[in-house]
Amino acid sequence: MFGDPLFWILVLPGLLLGVYAQSRIKTKDGITGAQVARRLLDSQGLQAVTIESTPGMLSDHYDPRSKTLRLSQEVYFAPSVAAAGIAAHETGHALQDAVGYVPMEARTSIVPLVQLASQTAPWLFIAGMLLQYSTLAWVGIILFGSSTLFALITLPVEFNASARARELLVSHDIIRGDEQIAGVQHVLGAAAWTYVAAAVSAIGTWLFYVVLLLTQARSVGRR
(Lines give C-alpha, C1' and ligand atoms only; values in the text may rest on other atoms or scores of the structure.)
Protein backbone atom coordinates (compact mmCIF):
# COMPACT_ATOMS: atom_id res chain seq x y z
CA MET A 1 0.00 0.00 0.00
CA PHE A 2 2.72 2.50 0.99
CA GLY A 3 4.50 1.93 -2.32
CA ASP A 4 1.53 3.19 -4.32
CA PRO A 5 1.90 6.80 -5.60
CA LEU A 6 -1.89 7.16 -5.51
CA PHE A 7 -1.80 6.56 -1.76
CA TRP A 8 0.82 9.25 -1.10
CA ILE A 9 -0.68 11.84 -3.46
CA LEU A 10 -4.40 11.52 -2.91
CA VAL A 11 -5.04 9.66 0.31
CA LEU A 12 -2.31 10.18 2.89
CA PRO A 13 -2.64 13.98 3.28
CA GLY A 14 -6.36 13.76 3.98
CA LEU A 15 -5.90 10.82 6.32
CA LEU A 16 -3.25 12.60 8.36
CA LEU A 17 -5.29 15.79 8.57
CA GLY A 18 -8.34 13.81 9.66
CA VAL A 19 -6.43 11.90 12.31
CA TYR A 20 -4.86 15.13 13.58
CA ALA A 21 -8.22 16.88 13.82
CA GLN A 22 -9.83 13.99 15.68
CA SER A 23 -6.81 13.63 17.95
CA ARG A 24 -7.91 16.92 19.49
CA ILE A 25 -11.13 15.26 20.68
CA LYS A 26 -10.67 13.17 23.81
CA THR A 27 -12.44 9.92 24.60
CA LYS A 28 -15.21 9.90 27.16
CA ASP A 29 -13.08 8.68 30.10
CA GLY A 30 -9.71 9.78 28.74
CA ILE A 31 -8.65 6.19 28.09
CA THR A 32 -5.79 5.48 25.69
CA GLY A 33 -5.87 3.44 22.51
CA ALA A 34 -4.25 0.51 24.31
CA GLN A 35 -6.89 0.63 27.04
CA VAL A 36 -9.66 0.79 24.46
CA ALA A 37 -8.29 -2.28 22.69
CA ARG A 38 -7.91 -4.21 25.94
CA ARG A 39 -11.43 -3.39 27.09
CA LEU A 40 -12.97 -4.39 23.77
CA LEU A 41 -10.92 -7.56 23.42
CA ASP A 42 -11.83 -8.70 26.93
CA SER A 43 -15.51 -7.97 26.29
CA GLN A 44 -15.40 -10.38 23.34
CA GLY A 45 -13.65 -13.13 25.29
CA LEU A 46 -10.30 -12.49 23.61
CA GLN A 47 -8.16 -12.20 26.75
CA ALA A 48 -5.47 -14.32 25.06
CA VAL A 49 -4.82 -11.63 22.44
CA THR A 50 -1.87 -9.52 23.54
CA ILE A 51 -1.38 -5.81 22.84
CA GLU A 52 2.01 -4.32 22.03
CA SER A 53 3.35 -0.87 21.23
CA THR A 54 5.21 -0.72 17.93
CA PRO A 55 7.26 2.12 16.39
CA GLY A 56 6.39 3.78 13.11
CA MET A 57 3.59 5.89 11.67
CA LEU A 58 0.47 3.96 10.58
CA SER A 59 2.08 0.72 11.77
CA ASP A 60 -1.06 -0.48 13.57
CA HIS A 61 -2.03 -4.04 12.70
CA TYR A 62 -3.29 -7.35 14.02
CA ASP A 63 -1.09 -10.45 13.58
CA PRO A 64 -3.33 -13.55 13.38
CA ARG A 65 -0.34 -15.89 13.63
CA SER A 66 0.79 -14.73 17.07
CA LYS A 67 -2.62 -13.37 18.16
CA THR A 68 -1.01 -10.00 18.79
CA LEU A 69 -2.51 -6.57 18.28
CA ARG A 70 0.22 -4.02 17.61
CA LEU A 71 -0.49 -0.31 17.96
CA SER A 72 1.76 2.56 16.95
CA GLN A 73 2.95 4.67 19.85
CA GLU A 74 0.73 7.55 18.69
CA VAL A 75 -2.29 5.28 19.13
CA TYR A 76 -1.13 3.14 22.07
CA PHE A 77 -0.61 6.06 24.45
CA ALA A 78 -3.12 8.64 23.12
CA PRO A 79 -6.49 9.25 24.87
CA SER A 80 -8.13 10.57 21.69
CA VAL A 81 -11.11 9.63 19.56
CA ALA A 82 -8.74 8.99 16.64
CA ALA A 83 -6.67 6.54 18.71
CA ALA A 84 -9.84 4.84 19.97
CA GLY A 85 -11.10 4.41 16.40
CA ILE A 86 -7.85 2.88 15.16
CA ALA A 87 -7.52 0.61 18.20
CA ALA A 88 -11.12 -0.55 17.78
CA HIS A 89 -10.52 -1.19 14.08
CA GLU A 90 -7.61 -3.50 14.84
CA THR A 91 -9.72 -5.16 17.52
CA GLY A 92 -12.24 -5.78 14.74
CA HIS A 93 -9.59 -7.80 12.91
CA ALA A 94 -8.93 -9.87 16.04
CA LEU A 95 -12.66 -10.57 16.27
CA GLN A 96 -12.75 -11.55 12.59
CA ASP A 97 -9.95 -14.01 13.28
CA ALA A 98 -11.78 -15.43 16.30
CA VAL A 99 -15.06 -16.04 14.44
CA GLY A 100 -13.42 -17.31 11.23
CA TYR A 101 -14.49 -14.44 9.00
CA VAL A 102 -14.15 -15.95 5.53
CA PRO A 103 -12.63 -12.99 3.62
CA MET A 104 -9.95 -12.59 6.29
CA GLU A 105 -9.13 -16.30 6.16
CA ALA A 106 -8.95 -16.11 2.36
CA ARG A 107 -6.62 -13.11 2.54
CA THR A 108 -4.36 -14.85 5.04
CA SER A 109 -4.24 -18.01 2.93
CA ILE A 110 -2.92 -16.23 -0.18
CA VAL A 111 -0.19 -14.29 1.66
CA PRO A 112 2.51 -16.91 0.77
CA LEU A 113 1.50 -16.72 -2.90
CA VAL A 114 1.61 -12.91 -2.86
CA GLN A 115 5.07 -12.98 -1.26
CA LEU A 116 6.31 -15.45 -3.88
CA ALA A 117 4.75 -13.43 -6.68
CA SER A 118 6.39 -10.19 -5.55
CA GLN A 119 9.79 -11.86 -5.90
CA THR A 120 9.33 -13.83 -9.12
CA ALA A 121 6.59 -12.18 -11.19
CA PRO A 122 8.62 -9.16 -12.38
CA TRP A 123 11.51 -11.35 -13.55
CA LEU A 124 9.23 -13.80 -15.33
CA PHE A 125 7.40 -10.99 -17.09
CA ILE A 126 10.60 -9.20 -18.14
CA ALA A 127 12.20 -12.44 -19.33
CA GLY A 128 9.11 -13.32 -21.32
CA MET A 129 9.03 -9.88 -22.96
CA LEU A 130 12.73 -9.87 -23.83
CA LEU A 131 12.71 -13.42 -25.17
CA GLN A 132 9.32 -12.86 -26.83
CA TYR A 133 8.11 -15.97 -25.04
CA SER A 134 4.51 -15.06 -24.27
CA THR A 135 3.79 -18.09 -22.08
CA LEU A 136 6.46 -17.07 -19.62
CA ALA A 137 5.23 -13.48 -19.60
CA TRP A 138 1.64 -14.63 -18.97
CA VAL A 139 2.83 -16.68 -16.00
CA GLY A 140 4.33 -13.48 -14.62
CA ILE A 141 1.06 -11.62 -15.20
CA ILE A 142 -0.94 -14.35 -13.48
CA LEU A 143 1.37 -14.09 -10.48
CA PHE A 144 0.97 -10.30 -10.57
CA GLY A 145 -2.75 -10.95 -10.38
CA SER A 146 -2.39 -12.48 -6.92
CA SER A 147 -1.44 -9.05 -5.59
CA THR A 148 -4.53 -7.58 -7.23
CA LEU A 149 -6.67 -10.33 -5.73
CA PHE A 150 -5.13 -9.65 -2.32
CA ALA A 151 -5.99 -5.94 -2.61
CA LEU A 152 -9.59 -6.73 -3.58
CA ILE A 153 -10.09 -9.25 -0.77
CA THR A 154 -8.67 -6.68 1.63
CA LEU A 155 -11.59 -4.31 0.96
CA PRO A 156 -14.37 -6.31 2.67
CA VAL A 157 -11.97 -7.25 5.47
CA GLU A 158 -11.20 -3.60 6.25
CA PHE A 159 -14.74 -2.28 5.83
CA ASN A 160 -16.10 -5.03 8.06
CA ALA A 161 -13.46 -4.30 10.73
CA SER A 162 -14.47 -0.63 10.68
CA ALA A 163 -18.14 -1.52 11.05
CA ARG A 164 -17.31 -3.74 14.01
CA ALA A 165 -15.21 -0.93 15.50
CA ARG A 166 -18.04 1.61 15.39
CA GLU A 167 -20.48 -0.86 16.93
CA LEU A 168 -18.10 -1.85 19.71
CA LEU A 169 -17.16 1.72 20.63
CA VAL A 170 -20.77 2.84 20.87
CA SER A 171 -22.12 -0.26 22.60
CA HIS A 172 -19.40 -0.11 25.27
CA ASP A 173 -19.95 3.62 25.82
CA ILE A 174 -16.35 4.48 24.95
CA ILE A 175 -17.54 7.22 22.64
CA ARG A 176 -20.82 9.08 22.82
CA GLY A 177 -22.39 12.19 21.44
CA ASP A 178 -22.54 13.36 17.85
CA GLU A 179 -19.06 14.91 17.87
CA GLN A 180 -17.24 11.79 19.04
CA ILE A 181 -19.24 9.43 16.82
CA ALA A 182 -18.67 11.66 13.79
CA GLY A 183 -14.96 11.83 14.68
CA VAL A 184 -14.60 8.06 14.71
CA GLN A 185 -16.51 7.74 11.44
CA HIS A 186 -14.22 10.31 9.85
CA VAL A 187 -11.05 8.50 10.92
CA LEU A 188 -12.33 5.07 9.90
CA GLY A 189 -13.68 6.40 6.61
CA ALA A 190 -10.37 8.08 5.75
CA ALA A 191 -8.50 4.89 6.58
CA ALA A 192 -10.83 2.85 4.36
CA TRP A 193 -9.94 5.01 1.39
CA THR A 194 -6.29 3.98 1.71
CA TYR A 195 -7.32 0.43 0.85
CA VAL A 196 -9.56 1.58 -1.98
CA ALA A 197 -6.60 3.50 -3.41
CA ALA A 198 -4.39 0.43 -3.07
CA ALA A 199 -6.95 -1.74 -4.87
CA VAL A 200 -7.35 0.77 -7.71
CA SER A 201 -3.58 1.03 -8.08
CA ALA A 202 -3.17 -2.77 -8.09
CA ILE A 203 -5.82 -3.20 -10.77
CA GLY A 204 -4.31 -0.41 -12.87
CA THR A 205 -0.83 -1.90 -12.64
CA TRP A 206 -2.05 -5.37 -13.59
CA LEU A 207 -4.01 -4.03 -16.58
CA PHE A 208 -0.95 -2.07 -17.70
CA TYR A 209 1.10 -5.27 -17.91
CA VAL A 210 -1.70 -7.09 -19.72
CA VAL A 211 -1.99 -4.33 -22.32
CA LEU A 212 1.80 -4.19 -22.71
CA LEU A 213 1.98 -7.91 -23.42
CA LEU A 214 -0.98 -7.85 -25.83
CA THR A 215 0.58 -4.93 -27.69
CA GLN A 216 3.84 -6.83 -28.09
CA ALA A 217 1.97 -9.92 -29.28
CA ARG A 218 0.17 -7.87 -31.96
CA SER A 219 3.44 -6.27 -33.04
CA VAL A 220 5.12 -9.67 -33.41
CA GLY A 221 2.12 -11.06 -35.29
CA ARG A 222 2.32 -8.29 -37.90
CA ARG A 223 5.91 -9.05 -38.81
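List of remarks:
- When W138 is tested against (1) free of Cβ contacts under 8 Å to residues at least 24 places away in the same chain; (2) open to solvent by 80 Å² or more (accessible area, probe 1.4 Å), only condition (1) is not met.
- From the list V157, V114, the lone residue that is within 28 Å of T54 (Cα to Cα) and in contact with a Phe, Trp or Tyr (Cβ under 7 Å, 6 or more places away or on another chain) is V114.
- Qualifying residue in region 141-149 (condition: of a type in the set (F, W, Y) and free of Cβ contacts under 8 Å to residues at least 60 places away in the same chain): no
Condition check ((1) of a type in the set (A, V, I, L, M); (2) within 15 Å of A88 (Cα to Cα); (3) in contact with a strand residue (DSSP E or B) (Cβ under 6 Å, 6 or more places away or on another chain)) across all residues:
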| residue | (1), (2), (3) |
| --- | --- |
| T154 | no, no, no |
| F159 | no, yes, no |
| E167 | no, yes, no |
| A191 | yes, yes, no |
| G204 | no, no, no |
| V210 | yes, no, no |
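- Subset tally (residues that are of a type in the set (S, T, N, Q), part of a loop (DSSP other than H, G, I, E, B) and open to solvent by less than 30 Å² (accessible area, probe 1.4 Å)) for region 52-110: 1
- Taken together, V102, V114 contain a single residue that is under 17 Å from the mean Cα position of the chain (by Cα), under 30 Å from L212 (Cα atoms) and not small (G, A, S), which is V114.
- Any hit, region 84-100, residues being farther than 21 Å from H172 by Cα and in contact (Cβ under 8 Å) with a residue 12 or more places away in the chain: no
- For region 158-197, the set of residues classified as under 12 Å from the mean Cα position of the chain (by Cα) and closer than 19 Å to I31 by Cα consists of L188 only.
- Test result for F144, modelled with pLDDT of 90 or more, buried (at least 16 other Cβ atoms within 10 Å of the Cβ) and assigned to a helix (DSSP H, G or I): no
- Qualifying residue in region 162-173 (condition: under 18 Å from D63 (Cα atoms), without any contact (Cβ under 8 Å) to a residue 40 or more places away in the chain and not hydrophobic (A, V, I, L, M, F, W, C)): no
- Some residue of region 171-187 being of a type outside the set (D, E), open to solvent by less than 60 Å² (accessible area, probe 1.4 Å), in a helix (DSSP H, G or I) and at pLDDT 85 or above: no
- Matching residues in region 132-156 - criterion: being closer than 23 Å to L188 by Cα and not hydroxyl-bearing (S, T, Y): L149, F150, A151, L152, I153, L155, P156
- Residues within region 43-74 that are under 14 Å from G33 (Cα atoms), out of contact with any Lys or Arg (no Cβ under 8 Å at 6 or more places or on another chain) and either of a type in the set (S, T, N, Q) or modelled with pLDDT under 90 (or both), tallied: 4
- Of the criteria (1) open to solvent by less than 60 Å² (accessible area, probe 1.4 Å); (2) assigned to a helix (DSSP H, G or I), which one W123 fails: (1)
- Options F150, F208; residue that is open to solvent by 40 Å² or more (accessible area, probe 1.4 Å) and touching a Lys or Arg at 6+ places or on another chain (Cβ under 8 Å): F150
The values are calculated or read from the model by the stated rules, or taken from the named source; none is laboratory data. The structure displayed is predicted, hence computed values, not measured ones. Positions of Cβ are backbone-derived with ideal geometry, glycine not excepted, and every protein chain shown enters the neighbour counts. Side chains included, ligands, DNA and RNA excluded: accessible areas come from the protein's heavy atoms. Shrake-Rupley method; radii C 1.70, N 1.55, O 1.52, S 1.80 Å.
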